[in-house]
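Asker: Take this structure first; my questions come after.
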Amino acid sequence: MSQEFQDTIDRAQTVLNQSGKQLAKQAAEGREISTPKLDQFQVAAYDFAWRSAKLFAARALIDYTQHQGELEKELAHFFIREIIGGEKDDEGYRRGAQLIREQEHGGNYGLADQHQMFRKTFKKFAEEKVMPLAEKLHSQDLLIPVEIINGLKELGCFGLSLPQKYGGFQDDNKSDNIGMVVVTEELSRGSLGIAGSLITRPEILSKAILKGGTEEQKQKWLPQLASGEKMCAVAVTEPDYGSDVASMKVVATPKNGGWLLNGVKTWCTFAGYADTLMVLARTDSDLSKRHRGLSLFIAEKPRFDGHSFQYNQPEGGHIEGKAIPTIGYRGMHSFEVSFENYLVSNENLIGGEKGLGQGFYLQMEGFAGGRLQTAARALGVMQAAFESALRYSNERKVFGKPIFEYGLTQWKLVRMAALVQASRQATYHAARLMDEGKGLMEASLVKFYASKVSEWVTREAMQIHGGYGYAEEYPVSRYFVDARVFSLFEGAEEVLALRVIAPSLLKRYL
């Protein structure tokens, strides 16, 4: 069976390679892919990136099924047939649906014992501490309760991606990104806004410091981030530039043994409560240097509750923020933050003098981990939606029988399970690659894929609930609005496809 799958995927890869070679030829400028030339073929480039992401997920799913049971193989079969555009296999999806009903789940996770222990621990925390509060905090747009933050501190949640020598959980000589993925997924299954995203921002800052910080900065900041003593927000995006990082205009000018920040950042999630902001700012006034003129800073501030804050430094600097109302992803609040002569010490320039002009590259190192986490967050929300849909389909009767008995419902549930499992196994594979010091491209692929399919999974879970799916009393409505954010943050899907995935993969054909 697995060889049959492999042959099918190999044929699909051959077709993709043919279109990739043609597209690379059209966008080439010497031995590089020209962005202006590629922009002339954006639809083709986006499609190439999307098909590449699907094939990456398919290969990961095939590898996983080699050591799994009948249900997992049925899901893989369903997934592969869909990729090649085959006719709907009525017998196949019905068999898969009955296996899902009998086993009451959408397939094994395929985790090693240690990671299965992680999963059970944080699943228990999510079900006992997070889920009972999730709907209230979402509907009233409240801040994450301190007891949830403290509970995650006690579990060592904030140090999952940090070496033990800096107070973290990981072996000093061996990375373990799957642990972070598993924990993020289970917390997101409980609630994206009040649990699943808590460790993303410290993850991004930690990776940037590990990559380019001085040893003094590592010794000072990493233990505080690992313990949760310092809570972090990320201030990179600007109102007029979105994902166009190279054109950003927030400036940092040297003065009085430090740097003065001036300008506005937006979509700074958790910036009110956080006492530590990772700020990307322009330190070189020569705009022609674009991303090479950016540096990365750690700006400190007091903690604030609520939807707005302001603070005046003794030195005269000022910072203020106002939360942006959003349809979902509530609990952490996303702020627009303005800096006015806000002083940051020289010690908080990541990398010191050597860090000048390196901010773009350091934040990209952090965002690679953030993208992997976003895939994990999408997994958690999808898993919650699938479980709700499966449960409701067995409870709800229409025309005298449970809606599970209808073929279309069964097809939807099998497709949900297949998409979730493909996303999960692709994310695990990307995490293993990152453990080996690779996987930056793959992290973008799984973020792109899982984010996009999560909208379909949550939409259909909502649809299975009928009118009740539109009611706030059922959490499935929250899953739907939460899932919509994944394709927008940590790299909008268009930017990932056209500026990251397609150019990198097409270059291989030159």
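The values are calculated or read from the model by the stated rules, or taken from the named source; none is laboratory data. Being a predicted model, the structure only gives us computed values, none of them experimental. Every residue, glycine among them, receives a Cβ derived from its backbone with ideal geometry; neighbour counts consider all protein chains shown. Remember, those area values only see protein heavy atoms, side chains included, never the ligands or the DNA or RNA. Shrake-Rupley method; radii C 1.70, N 1.55, O 1.52, S 1.80 Å.
Asker: With the condition kept exactly as written, say whether any residue in region 316-337 is touching a helix residue (DSSP H, G or I) at 6+ places or on another chain (Cβ under 7 Å), surrounded by 15 or more Cβ atoms within 10 Å (Cβ to Cβ), in a loop (DSSP other than H, G, I, E, B) and small (G, A, S).
Answerer: Among the residues of region 316-337, at least one is touching a helix residue (DSSP H, G or I) at 6+ places or on another chain (Cβ under 7 Å), surrounded by 15 or more Cβ atoms within 10 Å (Cβ to Cβ), in a loop (DSSP other than H, G, I, E, B) and small (G, A, S), which makes the answer yes.
Asker: Let me ask you something else. Can you name the strands (runs of 3 or more DSSP E) wholly within region 233-312 that have at least 2 residues being within 19 Å of E365 (Cβ to Cβ), in contact with a helix residue (DSSP H, G or I) (Cβ under 6 Å, 6 or more places away or on another chain) and open to solvent by less than 30 Å² (accessible area, probe 1.4 Å)?
Answerer: 276-282, 294-300
Asker: Also, I was wondering about something else. Out of L55, L16, L23, L75, report the one residue that is under 22 Å from A384 (Cα atoms), in a helix (DSSP H, G or I) and aliphatic (A, V, I, L, M).
Answerer: L75
Asker: Enumerate the pairs (first residue in region 386-397 and touching a residue at least 12 places away in the same chain (Cβ under 8 Å) and under 11 Å from V476 (Cα atoms); second residue anywhere and surrounded by 15 or more Cβ atoms within 10 Å (Cβ to Cβ) and acidic (D, E)) with beta-carbon separation below 8 Å, excluding pairs fewer than 6 apart on the same chain, so at least 6 apart or on different chains.
Answerer: A389/E460
Asker: Regarding region 173-182, can at least one residue be identified that is closer than 29 Å to S393 by Cβ, of a type outside the set (S, T, Y) and in contact with a Lys or Arg (Cβ under 6 Å, 6 or more places away or on another chain)?
Answerer: Yes, region 173-182 has at least one match.
Asker: What number goes with the only condition from (1) on the phi > 0 side of the Ramachandran plot; (2) open to solvent by less than 10 Å² (accessible area, probe 1.4 Å); (3) more than 16 Å from the chain's Cα centre (by Cα); (4) of a type outside the set (V, I, T) that G437 does not pass?
Answerer: Single failed check for G437: (2).
Asker: Counting residues that are over 24 Å from K123 (Cβ atoms) and out of contact with any strand residue (DSSP E or B) (no Cβ under 8 Å at 6 or more places or on another chain), which helices (runs of 4 or more DSSP H) fully inside region 387-490 reach at least 2?
Answerer: Because the criterion is at least 2 residues that are over 24 Å from K123 (Cβ atoms) and out of contact with any strand residue (DSSP E or B) (no Cβ under 8 Å at 6 or more places or on another chain), the helices (runs of 4 or more DSSP H) in region 387-490 that meet it are 407-435, 440-464.
The rows are residues; the columns are (1) within 21 Å of F404 (Cα to Cα); (2) of a type in the set (A, V, I, L, M).
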| position | (1), (2) |
| --- | --- |
| S451 | no, no |
| R459 | yes, no |
| Q463 | yes, no |
| E473 | no, no |
| S477 | yes, no |
| A483 | no, yes |
| F486 | no, no |
| F489 | no, no |
| E494 | no, no |
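Asker: If I filter region 338-384 down to residues being hydrophobic (A, V, I, L, M, F, W, C), crowded, with 24+ Cβ neighbours inside 10 Å and out of contact with any Gly (no Cβ under 9 Å at 6 or more places or on another chain), which single residue comes out as farthest from P132 (Cα to Cα)?
Answerer: Only one residue tops the list, namely A375.
Asker: Listed residues A502, A483, A443, A497; which is out of contact with any Leu (no Cβ under 7 Å at 6 or more places or on another chain), among the small types (G, A, S) and more than 27 Å from G92 (Cβ to Cβ)?
Answerer: Matching residue, one of A502, A483, A443, A497: A497.
Asker: Consider A57 carefully, then state whether it is surrounded by 23 or more Cβ atoms within 10 Å (Cβ to Cβ), within 20 Å of A430 (Cβ to Cβ), modelled with pLDDT of 95 or more and among the aliphatic types (A, V, I, L, M).
Answerer: Judged against the criteria, A57 is a match.
Asker: Turning to a different aspect of this structure: Which one of these does E186 not meet: (1) surrounded by fewer than 19 Cβ atoms within 10 Å (Cβ to Cβ); (2) under 30 Å from Y474 (Cβ atoms); (3) not small (G, A, S)?
Answerer: Among (1) surrounded by fewer than 19 Cβ atoms within 10 Å (Cβ to Cβ); (2) under 30 Å from Y474 (Cβ atoms); (3) not small (G, A, S), E186 violates only (1).
Asker: Here is a follow-up. Out of Q3, Q40, report the one residue that is exposed (fewer than 14 other Cβ atoms within 10 Å of the Cβ), in contact with a helix residue (DSSP H, G or I) (Cβ under 8 Å, 6 or more places away or on another chain) and assigned to a helix (DSSP H, G or I).
Answerer: Criteria check complete, one pass: Q40.
Asker: Which is at pLDDT below 90, assigned to a helix (DSSP H, G or I) and open to solvent by less than 60 Å² (accessible area, probe 1.4 Å), of G92, G151?
Answerer: That would be G92, the only listed residue that is at pLDDT below 90, assigned to a helix (DSSP H, G or I) and open to solvent by less than 60 Å² (accessible area, probe 1.4 Å).
Asker: Just checking, how many residues over region 99-129 are open to solvent by 70 Å² or more (accessible area, probe 1.4 Å), under 19 Å from Q68 (Cβ atoms), without any contact (Cβ under 8 Å) to a residue 24 or more places away in the chain and not acidic (D, E)?
Answerer: 0
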